[in-house]
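Shown next, in structure tokens, is the structure this report addresses.
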Amino acid sequence: MNKRASFSKKTAIRLIKTLFEFYPVMLPITLLCIVFNALISSVPAVFQQNIIAIVEKSWQSRDWNGVSGQITKYVLILATFYALSLIAGFTYTRLMATITQGSLKKFRLKMFNGMEDLPIKYFDTNNHGDIMSYYTNDIDTLRQMISQSIPQLMISLVSSLTILCIMLYYSAWLLFVVLIGIFLMTKVTKRIGSNSAKYFIQQQIELGKVEGFVEEIMNGQKVVKVFCHEERTEEDFDRLNDELFSVAERANKYANTLMPILMNIGNVLYVVVAIVGGILLLSGIPNLSVSGMALSISITVPFLNMTRQFCGNIGQVSNQINAVVMGMAGAERIFNLIDETAEKDEGYVTLVNAKEENGKLVECKERTEVWAWKDEKAPEENRYTRLTGDVRFKDVDFGYNEEKTVLHDITLYAKPGQKVAFVGATGAGKTTITNLINRFYDIQRGTITYDGIDISKIRKSDLRRSLGIILQDTVLFTGSVIENIRYGKLDATDEECMEAAKLAGAHDFITRLPEGYQTMIASNGANLSQGQRQLIAIARAAVADPPVMIMDEATSSIDTRTEEIVQKGMDALMHGRTVFVIAHRLSTVQNSDVIMVLEQGHIIERGSHEDLIAQKGKYYQLYTGAFELE
Amino acid sequence: MIRVLMKSIREYKKPSILAPLLVSMEVIMECIIPFVVARLINQIKGGCDLGMIIRYGMILIVMAGLSLSFGAGAGFNCATASCGFARNLRKDMFYRIQTYSFENIDKFSTSSLVTRMTTDVTNVQMAYMMLVRLAFRSPLMLIFSATMAIIMGGKMALIFVIVIPILAVSLFLVMKSVTPIFKNVFKKYDALNNSIQENIKGMRVVKSYVRQEYEKAKFERSAEDVCADFTRAEKILALNNPMMQFCLYVAMIFVLSFGSYTIITSGGMDLDVGQFSALLVYNFQILMSLMMFSMVFVMVTMAEESAKRIAEVLMEETTLHNPEHPVMEVADGSIDFDNVSFRYSEHAEKMALANIDLHIKSGETIGIIGGTGTSKSTLIQLIPRLYDVTTGSVKVGGVDVRDYDIETLRNQVAVVLQKNILFSGSIKDNLRWGDQNATDAQMKEACELAQADEFVMQFPHQYTTHIEQGGANVSGGQKQRLCIARALLKKPKILILDDSTSAVDTKTDALIRKAFSEYIPTTTKIIIAQRVSSVQDADRILVMDGGTIKNIGTHEELLKTSSIYREVYESQNRAGGEENE
């Protein structure tokens, strides 16, 4: 408990610091406005009291003219204070709106920008729904806290302090009684508050579970239907839902009872102060106060009013407890995301436009067809290496974690323009190899070179720019078809995009879509078939025009007949490029220059289609397997 | 809409009624206590009769106790009512969704259903809590205070007749200008979150194309946009507080100046000092209760959108109904399509299937080949009545599928869907979807048939291996084989594989088919595939094109008669042909 408390103290300090960083000028001004507002809101009561006192004194005399001057004066002063408080209140509420939403935006940007730079490993090992809830649930709790709790706490704090000072001014004895009451109230608040906070946090956890379950079932709703599994899933859901209910109910019960308890402790305290005041007055015990005033009725009455006000303040503070606890938990999670270590990049070799002058490569600003690697650290004469797409693996070992090696002793080379295929059972390590070329993951042993340069020396962004990847799971983004194709090259013209689509064999079906290239793609892609999505992904890679292409089951969802039609385009696309192909369908890989057969992380056979058939090894079995059984 | 939601209150009616009742009593206490307090003060002022002070003190303490128990009781009931309502809403939605047909499911995206069941329900829960607690509290306070003010102040209370409408109108104006902004911004907010989700899912693509900066800029734009709108709305909402204060201050100054004038000029006849200070207190209370009312109003308007989205789910009628006198047994695995046409929605221009006539004998093996978008999946989804035909009829075992009990039918017609899914849980848990009471031996047998046993046994925990959500920790081919095994456990009369072996290598694919023909020869088997090798040994093969059956026949026949089939076959076997020479 203690450890957690200190932990959230750290978070609180950091949160406040961050907010000040976001709004170094505006936030202090706002806080000043709040303090000012709280201070002057407690002053009018004094003038009000004055007016009442005057009226009390002179109502029997019926002499309006005699007192009108005085009353008008006080009313005017009062009006001035009211006006000031209104201005301060108006200013701080508006400023607070800006600060709240602005801070949320800045947090979102910080999170998102940080997230974009995280290594792929983070996304492979963290539940996507979890990452998502940083942006939804946690940001929501922060909003609540910044917009309401912080100003409320400030106001209550300031006005409590003011009241305490005035109390001390009047009578230390009575203040002592009040302090005992306050002590009791804080105890109760802490007790009930921590219980309710505990359940509120549990409620968030249970809510997360329900969310996860619903998401999984909704995703597989069709499977549920096909298996008539409705009742079973309903039972499972009920269990989680009931659990959430019981925790939420308890959390809210605690939260809802806190207010009445505090209010009535306040009432009792009021009575006690009255009685003690009475006793003190009767028994004539000398008063102890800053003002040195003797205890009298004129002190006791306002004192009682202040006691009420004070209890009201504590009630307000207690109202914010849940928001603060949940906000802190949210802030802590958000900071965790922000603190994740970004993908490291120590590469210094960059990709530049180049042209040939006197048989030598020279860097140039304009876009040429020639690209070169620029090695900052190399001596002048061989600083530039032409980008050709020569990829070599030498004795590469790799595992996703320390304990388990997935790839063993991989040695292979792909000369510029060659097509290298990987075949093998699922889980043999085909996709893993492609993860290494673009450095989504770093190898444990051995070297991978690109045009003779160790890829760990190449800046990651440049390395990846020189590689085109078409992935197994097609990802398209919300937006029009043409925007999705343009993703490969942001400055591509419409013509270039269409050219690429034609190359990929996607042009025909796109033009048949209701709005052609402007058709919007929904995020779940419901309006396109899997095969059509793959074709768009291929077009996207085509427009990027990289020297090396990696195709991981790029055509698995395209039927072979369409593939046949696409094939020409694909051949054109692959022409002159180094291509790595992963495919289940052997027809897709047959015409490769080299075929690697992988088994459990080892390359067990390599060679051309003809070579491998002649070898009559694993590949031969895979290839002829279907026929063998007949 | 409200009525639809109200149905979910059910067993929580009692706390839902009790809570406001208790709140009302609490309010009454809250209003009486100041009275007694005023008396107490008078006692102290009057000369400190300690006995009287203690007596009043005792009364006050008892009242505080009552107020506490009412308050706590209200709090408890309110918690139960609102959380219970939320629970029932979630439950009703979930149960409702379970009755949906495929057509209904297609209407809602997964993420929207998830939001509806979580965020939207939470919003409604909060609003309900506010309603139960404050809907009675603030009007009661208002009425009570106003009455008291009139009794006490007489003519002075007229100020409220002026101030309250002003405040009410301006609160209303604020709400009115804020609501459309909120509605609009929530849509943008959804889009923002959607783009985050896409980035998380598509991070490999973002990184491959080195588009981090581009995505950041894109995100910043939408975040700015959302922020600007929210700020605008909140700034308007922020007017509430100063506005209320302004009215309060105006009333205060009026009461103070005009009140003191009245008292003094009338010599206390029209108004006395006690009434005067009480007026000031009620003044405050009236405006406070109005303020609370406006807060309820904000909450309710914000929850309105959510309530609408929930009601949409609850009101969605399933498009498939069980017949009144359902047939409870499927005679055999024969299938007849009689002049079937089908389209996905009434508005669709094109028929997805047109005039299909097809008769499959029980125990036959049928292969289906065709390009993407030729309605292969659509055709087979009509058999277990996942969709209803538009015209014509589909018969299974000689009976129209619409006459069967849906569960009976689907238990006999097992479909392995193209987009198949494993659920988090052990392999056994997943297999038991096919048969709740399957023994270990039966599960193993099904897995052997589906060629899954071998790799399952290689897992460290074998059949108890935990499958992660969506089957993330098994490969595509393994997933497909487990899905087939799961379907086999149903022991269906008809087994349909919708491109279910696309990620399985040719050899295993062949082994699966071999196992089928040896071990479940009487089951009607329909196999949709991309690979000719997957269907070429079928009894008959359908070639689909543009929503119709283009050709039908055996492998040999089709090679002669169907140009499409020949093309597909040649594309897949060209090099193989060379090798065979």
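Assorted remarks:
- Degrees separating the helix A:297-319 axis from the principal Cα axis of chain A, which is the longest one: 10 degrees
- In this label model, A:F20 and B:I143 are separated by 5.2 nm, measuring between points 7 Å along each Cα→Cβ vector.
- Segment B:416-492: translational diffusion in µm²/s, Stokes-Einstein, Kirkwood Rh over Cα pairs, 10 °C, 1.306 mPa s: 133 µm²/s
- Fraction of the pair-distance distribution of chain A above 37 Å, Cα-Cα pairs, percent: 58 percent
- All C-alpha pair distances within segment B:331-428, sorted into 10 Å bins from zero, spread as 14, 44, 31, 10, 1 percent across the bins.
- Across the alpha-carbon set of segment A:216-273, the Rg to Rh ratio works out to 1.49, Rh being the Kirkwood radius.
- Computed P(r) (all Cα pairs; segment A:101-157; 10 Å bins; percent): 20, 42, 24, 11, 3
- Within the accessible area of chain B (1.4 Å probe), percent carbon and sulfur: 59 percent
- Of the residues making up segment A:405-453, those losing 30 Å² or more of accessible area when the isolated chain is joined by the remaining protein chains, with a 1.4 Å probe, are A:T426, A:F440.
- Cα-based helix-to-principal-axis angle, B:50-99 vs chain B, degrees rounded to 10: 20 degrees
- For B:K550, the residues whose amide H sits under 5 Å from its own are B:V543, B:M544, B:D545, ignoring neighbours fewer than 5 places away on the same chain, with H placed 1.01 Å from N.
- If R0 equals 22 Å, the separation of the Cβ atoms of B:E220 and B:F186 corresponds to a calculated FRET efficiency of about 0.65.
- Scattering from the protein assembly as shown was approximated by placing one identical point on each alpha carbon and applying the Debye formula without solvent; log10 I(q)/I(0) at 0.05, 0.08 1/Å stands at -0.48, -0.97.
- Segment A:52-123: Cα Rg divided by the 2.2 N^0.38 Å rule of thumb: 2.49
- Residues of segment A:201-225 that lose at least 30 Å² of accessible area (1.4 Å probe, protein heavy atoms only) when the other protein chains are present, relative to their chain alone, are A:L207, A:E211, A:V214, A:E215, A:E216, A:M218, A:N219, A:Q221, A:K222, A:V223, A:K225.
- Relative compactness, segment A:411-522, computed as alpha-carbon Rg over 2.2 N^0.38 Å: 1.32
- When you restrict to C-alpha pairs under 8 Å that are six or more residues apart and normalise by the size of chain B, the relative contact order lands at 14 percent.
- Computed Kirkwood radius, in angstrom, where 1/r is averaged over Cα pairs of segment A:130-261: 18.7 Å
- The angle between the Cα long axis of helix B:240-266 and the longest principal axis of the Cα atoms of chain B comes to about 20 degrees, rounded to the nearest 10.
- Segment A:63-222, Cα convex hull volume normalised per residue, Å³: 224 Å³
- Net charge dipole, the protein assembly as shown: roughly 5180 debye, given to the nearest 20, about the Cα centre with Cβ charges of +1 for Lys and Arg and -1 for Asp and Glu.
- Taking only the Cα atoms of segment A:191-242, the radius of gyration and Dmax are 15.0, 51 Å.
- Accessible surface of segment A:1-125, 1.4 Å probe: 65 percent of it comes from carbon and sulfur atoms.
- Summed buried accessible area for A+B [probe radius 1.4 Å, Å², rounded to 100]: 14200 Å²
- For segment B:387-432, the convex hull spanned by the alpha carbon atoms encloses 107 Å³ per residue.
- FRET efficiency, A:S42 to B:I17 (Cβ-Cβ, R0 51 Å, nearest 0.05): 0.80
- Taking only Cα atoms of segment B:385-516, radius of gyration then Dmax in Å: 15.5, 52
- Think of a 1.4 Å ball rolled over the protein heavy atoms: the protein assembly as shown then has 43 Å² of accessible area per residue.
- Euclidean distance of C-alpha centroids, segment A:115-143 and segment B:220-240, integer Å: 24 Å
- Approximate spin-label separation A:E340-A:N127, in nm, with each point projected 7 Å along Cα-to-Cβ: 1.5 nm
- Using a simple spin-label model with pseudo-atoms 7 Å out from Cα toward Cβ, B:L173 and A:C165 lie 3.8 nm apart.
- Looking at segment A:460-542, the GluC sites (Glu not before Pro) that sit in a DSSP loop and have at most 10 other Cβ atoms within 10 Å of their own Cβ are A:E515.
- Partner aspartates and glutamates for A:K430 [C-alpha distance under 15 Å; skip if fewer than 8 residues away on the same chain]: A:D397, A:D409, A:D473, A:D552, A:E553, A:E599, A:E605, B:D505
- Extended-chain gain in nm, criterion 0.36 nm per residue less alpha-carbon gap, A:Q60 and A:K355: 95.7 nm
- Solvent-free Debye scattering, log10 I(q)/I(0), computed from the Cα coordinates of chain B at q = 0.07 Å⁻¹: -0.67
- Across segment B:118-263, the convex hull enclosing all Cα atoms gives 113 Å³ per residue.
- Of the residues making up segment B:73-98, those losing 50 Å² or more of accessible area when the isolated chain is joined by the remaining protein chains, with a 1.4 Å probe, are B:F76, B:C83, B:R87, B:R90, B:F94, B:Y95, B:Q98.
- Principal axis dimensions, segment B:6-153 - Cα atoms, whole angstrom, descending: 82, 30, 22
- Calculated FRET efficiency for the pair A:T511/A:V362, C-beta based, R₀ 41 Å, to 0.05: 0.40
The values are calculated or read from the model by the stated rules, or taken from the named source; none is laboratory data. Since the structure is predicted, the reported quantities are computational estimates derived from the model, not experimental observations. Positions of Cβ are generated from backbone atoms using ideal geometry, with glycine treated the same way; all protein chains shown enter the neighbour counts. Areas reflect the complete protein model, heavy atoms only, side chains present, ligands, DNA and RNA absent. Shrake-Rupley method; radii C 1.70, N 1.55, O 1.52, S 1.80 Å.
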